[in-house]
Amino acid sequence: MPSIGAERWVPWVQETDVLLVNGGDALYLAHWMRQSGLADLLPSLSEKVWVGLSAGSMVMAPRIGEYFVEWTAPTGDDSALGVVDFSIFPHVDHPALPENTMAEAEKWAAGLSNPAYAIDDDTAITVVDGAVEVVSEGKWRHFPA
């Protein structure tokens, strides 16, 4: 988005009802959301629905945790956007990600200073007016701070 002028993309974002953000690298996504100005715009979008998949959810957390750092941000840390007060360990027990076990999620959460959730692909977390709800037909776990 930094390569597209804000005068073009901001109206598109303001006019939409739902922002669908897919996966990838959560720190890279957070970096470019800041660079583009989208991160600064988020507080004014309180009536919009954010649907995050994988890194698209993780980017909303205060931190992603060292376990998920692949790209090193200019800040050198694992800070994401901090829109919500918890971190997310996605894809628990996914067949293509054998390292994403609940035991690894427990170790990951121990390194955080904030609450966290480990969720599988049959689980979603909703946040409405600050109220967090887990919707699941699968496996998940809450790790208090």
Exercise for review: Find all pairs meeting these conditions: Cβ atoms under 6 angstrom apart; at least six residues apart or on different chains; first residue within region 110-130 and hydroxyl-bearing (S, T, Y); second residue open to solvent by 90 Å² or more (accessible area, probe 1.4 Å).
Suggested key: T123/W140; T126/E133
Check your understanding: Does at least one position in region 65-73 carry a residue that is loosely packed, with under 13 Cβ neighbours inside 10 Å, of a type in the set (S, T, N, Q) and within 17 Å of the chain's Cα centre (by Cα)?
Key -> yes
Check your understanding: From G82, G52, G56, which residue is on the phi > 0 side of the Ramachandran plot and either under 11 Å from the mean Cα position of the chain (by Cα) or loosely packed, with under 15 Cβ neighbours inside 10 Å (or both)?
Key -> G82
Exercise for review: Quick one: in region 103-145, of everything that is of a type in the set (D, E, K, R) and within 26 Å of K48 (Cα to Cα), which residue is most open to solvent (accessible area, probe 1.4 Å)?
Suggested key: E137
Check your understanding: Is there any pair with a first residue in region 37-66 that is part of a helix (DSSP H, G or I) and a second that is among the acidic types (D, E) whose Cβ atoms are under 8 Å apart and which are 6 or more apart or on different chains, and what are they?
Key -> A55/D25; E66/D78
Check your understanding: Would you pick out the residues in region 85-96 that are of a type in the set (V, I, T) and open to solvent by 10 Å² or more (accessible area, probe 1.4 Å)?
Key -> I88
Review point. Among (1) hydrophobic (A, V, I, L, M, F, W, C); (2) in contact with a strand residue (DSSP E or B) (Cβ under 7 Å, 6 or more places away or on another chain); (3) within 15 Å of G56 (Cα to Cα), where does L81 come up short?
Key: (2)
Check your understanding: Filtering region 14-32 down to residues that are over 9 Å from G56 (Cα atoms) and open to solvent by 50 Å² or more (accessible area, probe 1.4 Å), which residue is farthest from the chain's Cα centre (by Cα)?
Key -> E15
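The values are calculated or read from the model by the stated rules, or taken from the named source; none is laboratory data. Keep in mind that what you see is a predicted model, and the values were worked out from it rather than measured. Note: ideal-geometry Cβ built from the backbone for every residue, glycine included; neighbour counts use all protein chains shown. Keep in mind that these areas ignore ligands, DNA and RNA; they rest on the heavy atoms of the full protein, side chains included. Shrake-Rupley method; radii C 1.70, N 1.55, O 1.52, S 1.80 Å.
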